[in-house]
Amino acid sequence: MVKQIKQKLLLFMIGIFCVCPTIISGQAPSETPPPPSEPPTVKIPLVNEMTLPNGLKVVVIQKKGLPLVTASLLVKSGADVEYPNQAGLADMTGSLLIKGTGSQTATQLAEQIEFLGASINSGAGWNSSSISINTMTQSLGKALSIMANSAIRPSFPEEEVKLLKKQTLDGFDVSLKQPGSLLSYVSSLYSFGEHLTGGTPQTVKRFTRKDIESFHRQYYRPENSVLIFTGDINQDVAFRFAKLFFGGWEPASESDRAAIEVMKAVIKVKAAANVAAMTMTSGSPNAIVGRLLVIDLPDSGQAAVGYSKLLSNGRAECEAGSDECFSSDIYYPAIVLNSVLGGGYSSRLNQEIRLKRGLSYGAGSGFGWRGSYADFTASAQTKNESAAEVAELMKMEIDNLINSAVSEEELVPRKAAVTGGFGLGLQTNGGLASSLRDLYLYNVSADELNSYMSAANSVSNQEIKKFAADNLGGGDIIIVGDAKVFMSDLQKRFPNRTIEVIKANALDLNSRTLRKRPNVKILQ
């Protein structure tokens, strides 16, 4: 028996060395990779909608096959409706939804969800808040009861508020010393004019349980929400559950609703003014790099390098005087461009910075979509010694997109990555619910799920070039790291440019100027 095992093992080892010489030699088994397959198509089942008397819109997409259901409640308010001096309030409110209700403690709630074999999550971003459950179809009623109580009747226990605040402040103790986190924080204020979604130590310390209750009471309303069902559930059952668990949810009073509409109008005006102001302070779009900012973090182990730009167009465009919207002209060119530039392992940034030069473990880019504007960021972390080189490489890649058309040979697989990722996401109930939340947040028709593939595949290299020329030039280079290590190299690579330097210990993340006191050093 032992002899037979040894003989099989020997044959196996011989097979490895004889059949796979190209692997051992480090050469690819094929000089030319196979071409991408034909673009996939996605056909979303019928989207069923109804609106309850209290104003809650209910959306159902039935997917048969597995006895699983996702129920997701979208609330169309997030950090965008909080005051800057209460930054982080929406985020904390969203996180605390599942930390206790009038009838359950956080522990009891978690135990019941675990007993059902389900999961529950809640939180908030810039544009919206949400709470979702994933459960077996047979347990949907019980799971939905827990979700509805959490969304409508959270108790916000004082001990849970204190605990979350402490955890958040402890997190700041770490993140404020990390170049990558600081880069994200500074970009929000400096390039986008937005306060921090997760707040700052000062704002998190400031707000109370009453502030959280007030935010919830004002914005968590049925007429400001959409309940989405995806999975093994038909519309009749979904609508019946929606009425049972959410039908008694009280809408805002007329006066409160009017106040909310005024607030939204003010936000819209402020957003437009902010875009205009930030566009004026950024560099000329004819220049690839508008401003250069260094946050000096002495003795940091590495540096974070970013290129950020505020776009004056956003996710959706709406008909004048109508709530009906559609994807903006820039949306599909933007997502295809991002796939080329920094959307994945084979993107240009990762190729240049990681694969060719070994300067980072990864480099990428992305868009933060808003209704009427968008945030663009490219970023990478590297050694302090190579920070200036990485900044120059980012500039070079933006320059290439603006001044040179992407070849079809490169564009076809990058489009395939976009459509493939989108199609894969729709295969899960959670992924489908997430895509629907994005559309309903901006009042874009759910039919766009079926047109996404063709719209992405129809983007031309000339559209990408035009989008880059119109939107990406004049952005900000921001570097967070040990300035004494890379500053000389940065000045050489960006000659005759003003480089603004702010010491990390003088940084004020509650101020658009980023400064605690007037100790800013300007280098020419």
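Taken over the range 318-356, the criterion of being charged (D, E, K, R), assigned to a helix (DSSP H, G or I) and more than 18 Å from residue 308 (Cα to Cα) is satisfied by 352, 354, 356.
Residues of the range 85-110 that are out of contact with any strand residue (DSSP E or B) (no Cβ under 8 Å at 6 or more places or on another chain), over 17 Å from residue 216 (Cα atoms) and not hydroxyl-bearing (Ser, Thr, Tyr): 85, 104, 108, 110. Of all residues in the range 314-369, those satisfying the criterion of being among the β-branched types (Val, Ile, Thr) and under 27 Å from residue 450 (Cα atoms) are 330, 335, 336, 340. A search for C-beta distances below 7 Å between a residue of the range 169-198 that is farther than 18 Å from residue 365 by Cα and any residue that is open to solvent by 40 Å² or more (accessible area, probe 1.4 Å) and aliphatic (A, V, I, L, M), counting only pairs 6+ apart in sequence or on different chains, returns 193/277. Only a single item in (1) buried (at least 22 other Cβ atoms within 10 Å of the Cβ); (2) closer than 30 Å to residue 481 by Cα is not met by residue 197, and it is number (1). Taking the range 240-262 as the range and being open to solvent by less than 30 Å² (accessible area, probe 1.4 Å) and in a helix (DSSP H, G or I) as the test, the residues that pass are 242, 246, 260. Of all residues in the range 472-488, those that are within 17 Å of residue 395 (Cα to Cα) have Cβ atoms under 6 Å from Cβ atoms of residues that are of a type in the set (S, T, N, Q) and surrounded by fewer than 20 Cβ atoms within 10 Å (Cβ to Cβ), 6 or more apart or on another chain, in 474/284.
Report yes if residue 107 is more than 28 Å from residue 419 (Cα to Cα) and without any contact (Cβ under 8 Å) to a residue 60 or more places away in the chain, otherwise no. The answer is yes for residue 107.
Scanning the range 89-104 for residues being in contact (Cβ under 8 Å) with a residue 60 or more places away in the chain and part of a helix (DSSP H, G or I) gives a total of 7.
Residue-wise test of (1) open to solvent by 10 Å² or more (accessible area, probe 1.4 Å); (2) in contact with a Leu (Cβ under 9 Å, 6 or more places away or on another chain); (3) of a type in the set (A, V, I, L, M, F, W, C).
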position: 169; (1), (2), (3): yes, no, yes
position: 175; (1), (2), (3): yes, yes, no
position: 203; (1), (2), (3): no, yes, no
position: 208; (1), (2), (3): yes, no, no
position: 216; (1), (2), (3): yes, yes, no
position: 237; (1), (2), (3): yes, yes, yes
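Applying the set (1) surrounded by fewer than 20 Cβ atoms within 10 Å (Cβ to Cβ); (2) under 22 Å from residue 314 (Cα atoms); (3) hydroxyl-bearing (Ser, Thr, Tyr) to residue 428 leaves exactly one unmet item: (2). If I ask for residues that are part of a helix (DSSP H, G or I), of a type outside the set (D, E, K, R) and surrounded by fewer than 20 Cβ atoms within 10 Å (Cβ to Cβ), which ones from the range 441-452 would you list? Residues satisfying the conditions are 450, 451.
Being within 28 Å of residue 79 (Cβ to Cβ), of a type outside the set (Val, Ile, Thr) and touching a residue at least 24 places away in the same chain (Cβ under 8 Å) is the requirement here; does residue 223 meet it? For residue 223, the condition - within 28 Å of residue 79 (Cβ to Cβ), of a type outside the set (Val, Ile, Thr) and touching a residue at least 24 places away in the same chain (Cβ under 8 Å) - is met.
Note on the range 341-355: residues that are over 19 Å from the mean Cα position of the chain (by Cα), surrounded by fewer than 16 Cβ atoms within 10 Å (Cβ to Cβ) and free of Cβ contacts under 8 Å to residues at least 40 places away in the same chain total 2.
Here is a check on your reading of the model: is residue 412 assigned to a helix (DSSP H, G or I) and either modelled with pLDDT of 95 or more or open to solvent by 50 Å² or more (accessible area, probe 1.4 Å) (or both)? Yes; evaluated as a whole, the condition is true for this residue.
Being assigned to a strand (DSSP E or B) and of a type in the set (Asp, Glu) is a description that applies to residue 476.
Just checking, does the range 457-477 include any residue being open to solvent by 60 Å² or more (accessible area, probe 1.4 Å) and closer than 28 Å to residue 181 by Cβ? Within the range 457-477, none of the residues are open to solvent by 60 Å² or more (accessible area, probe 1.4 Å) and closer than 28 Å to residue 181 by Cβ. What pairs come up if the first residue lies in the range 243-258 and is closer than 20 Å to residue 59 by Cβ, the second is buried (at least 16 other Cβ atoms within 10 Å of the Cβ) and of a type in the set (Lys, Arg), and their beta carbons are under 9 Å apart, counting only those six or more places apart or on different chains? Once the first residue is closer than 20 Å to residue 59 by Cβ and sits in the range 243-258, its partners that are buried (at least 16 other Cβ atoms within 10 Å of the Cβ) and of a type in the set (Lys, Arg) give 249/221; 251/221. Taking residues in the range 122-147 that are closer than 23 Å to residue 76 by Cα, and partners anywhere that are part of a strand (DSSP E or B) and of a type in the set (Phe, Trp, Tyr), the pairs with Cβ atoms closer than 9 Å and at least 6 places apart or on different chains are 127/369. Looking at 409, 397, just one residue is of a type in the set (D, E, K, R), free of Cβ contacts under 8 Å to residues at least 24 places away in the same chain and over 30 Å from residue 74 (Cβ atoms), and that residue is 409.
The values are calculated or read from the model by the stated rules, or taken from the named source; none is laboratory data. All values reported here derive from a predicted model rather than from experimental measurement. Here Cβ is always computed from backbone atoms with ideal geometry, including for glycine, and neighbour counts include all displayed protein chains. Note: accessible area is taken over every heavy atom of the protein model, side chains too, but ligands, DNA and RNA are not part of it. Shrake-Rupley method; radii C 1.70, N 1.55, O 1.52, S 1.80 Å.
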